[in-house]
Amino acid sequence: MEPRFERVVPILRIFSVEKAKEFYVGFLGFTVDWEHRFDPTAPVYLQVSRGALVLHLSEHHGDA
């Protein structure tokens with residue numbers, strides 16, 4: 001029996017939340033669904049979506 005994937009959400013590493021939002025939201029038309037930081041100086045982890053396509057973007061070292 002083959003594995004069946006219901007949903008896959010890629011985690012993409014980003015180095016600048018401002019540039020990522022400029023590209024994914026401003027240029028590609030995604031919407032920021034939520035954004036999380038452990039504290040104001042911590043790296044950001046956020047979700048963007050466009051229709052059924054969902055991506056997680058992370059500034060955390062070692063993610064993705």
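The values are calculated or read from the model by the stated rules, or taken from the named source; none is laboratory data. Note that the coordinates shown come from a computational prediction; the quantities given were computed from them, not determined experimentally. Methodologically, a virtual Cβ is constructed for each residue, glycine included, from the backbone with ideal geometry; neighbour enumeration extends over all protein chains shown. Protein only, heavy atoms only, side chains kept; ligands, DNA and RNA dropped before computing areas. Shrake-Rupley method; radii C 1.70, N 1.55, O 1.52, S 1.80 Å.
Key figures for this structure:
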item	result
Computed over the chain: relative contact order in percent, which uses C-alpha pairs under 8 Å that are six or more apart	38
Cβ-derived FRET efficiency at R0 22 Å, Arg37 paired with Val8, nearest 0.05	0.30
Estimated [θ] at 222 nm from DSSP helical runs (n ≥ 4, -39500 (n - 2.57)) normalised by residues in the chain, nearest 500	-1500 deg cm²/dmol
Per residue accessible area of the chain, 1.4 Å probe, in Å²	76
The chain shape via C-alpha gyration tensor axes, a/c threshold 1.5	oblate
